């Protein structure tokens, strides 16, 4: 990563410079307060990839999550209050989730999945847009525009 102040490569220090958190090189770190050091890039990338080491995996909520939860609750003959007590969450929060006014946190989604034995979270492989990047290139705004155009055509 390049230094955000001078542009030198291999910036590994995180510092607050004039009230802004930045990644800077060792020389530029003297211009601010050092708050941390980044780990090696390879190590960070390794953690961000799946077992195959190819693509990042993100969790995405299914489209009709509120309806699924409501149907399962009604099948069991439970009220929202009973469900909330069973999974240790607030009744109003469960109601808003069922109405899809709010997106449940991963923790709550997992609780609901386990309680009802349903699938609410799906794994989505990041970068599965069909556009292949060359080598170690990072995604650019141009790539995002291409992805959006491709998705509109489909």
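The values are calculated or read from the model by the stated rules, or taken from the named source; none is laboratory data. Because the structure is predicted, anything quoted here is derived from the model rather than measured. Ideal geometry is used to build each Cβ from the backbone, glycine not excepted, and the neighbour counts take in all protein chains shown.
Filter segment 1-28 down to the residues that are in contact with a strand residue (DSSP E or B) (Cβ under 9 Å, 6 or more places away or on another chain) and outside any loop (DSSP other than H, G, I, E, B) and list them by number.
If the condition is that a residue be in contact with a strand residue (DSSP E or B) (Cβ under 9 Å, 6 or more places away or on another chain) and outside any loop (DSSP other than H, G, I, E, B), then 13, 14, 15, 16, 17, 21, 22, 23, 24, 28 are the ones that fit.
Please determine whether any residue of segment 42-60 is surrounded by 14 or more Cβ atoms within 10 Å (Cβ to Cβ) and modelled with pLDDT of 80 or more.
Scanning segment 42-60 turns up no residue that is surrounded by 14 or more Cβ atoms within 10 Å (Cβ to Cβ) and modelled with pLDDT of 80 or more.
Give me a count of the residues in segment 81-108 that are under 11 Å from residue 69 (Cβ atoms) and modelled with pLDDT under 90.
Count: 2.
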